[in-house]
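Visitor: Got a structure for you, questions after.
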């Protein structure tokens, strides 16, 4: 089961999303939700969810800022950033690895970041 953390200033969105995901067997569990980004970062670091869903006015800017903060904290996570203005969805996978040589880079490109 994948763990999901929801960040949204719209509490009804988070609660509605939780209900939709839990009413059917999607193999997803909402482990938390928060409207404040700073508090959310603290919780994400503590809970280490598999997926973060961010629902905001400016998903690219807020998502990029969140991704940078989580990477600085060493949190590897899959981020889904959604727009409140249209039906746009952005995804970003955040990982941090220590590279010892070219083989580590090639392995990362071939296995971790290639999406089919």
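The values are calculated or read from the model by the stated rules, or taken from the named source; none is laboratory data. Here the structure is a predicted model, which means the values were calculated and not measured. Cβ atoms come from the backbone with ideal geometry, glycine included; neighbour counts cover every protein chain shown.
Visitor: Within segment 1-27, which residues are in contact with a strand residue (DSSP E or B) (Cβ under 8 Å, 6 or more places away or on another chain), surrounded by fewer than 17 Cβ atoms within 10 Å (Cβ to Cβ) and outside any helix (DSSP H, G or I)?
Guide: Matches in segment 1-27: 1, 2, 3, 9, 10, 27.
Visitor: Here's something else I'd like to know. Given (1) modelled with pLDDT under 75; (2) under 30 Å from residue 107 (Cβ atoms); (3) loosely packed, with under 15 Cβ neighbours inside 10 Å, identify the lone condition not met by residue 63.
Guide: Unmet for residue 63, out of (1) modelled with pLDDT under 75; (2) under 30 Å from residue 107 (Cβ atoms); (3) loosely packed, with under 15 Cβ neighbours inside 10 Å: (3).
Visitor: Give the residues of segment 28-57 that are in contact with a strand residue (DSSP E or B) (Cβ under 8 Å, 6 or more places away or on another chain), modelled with pLDDT of 85 or more and surrounded by fewer than 12 Cβ atoms within 10 Å (Cβ to Cβ), sorted by residue number.
Guide: Answer for segment 28-57, where residues must be in contact with a strand residue (DSSP E or B) (Cβ under 8 Å, 6 or more places away or on another chain), modelled with pLDDT of 85 or more and surrounded by fewer than 12 Cβ atoms within 10 Å (Cβ to Cβ): there is none.
Visitor: Right, another one. Is segment 87-105 home to any residue that is at negative phi, surrounded by 13 or more Cβ atoms within 10 Å (Cβ to Cβ) and modelled with pLDDT of 80 or more?
Guide: no
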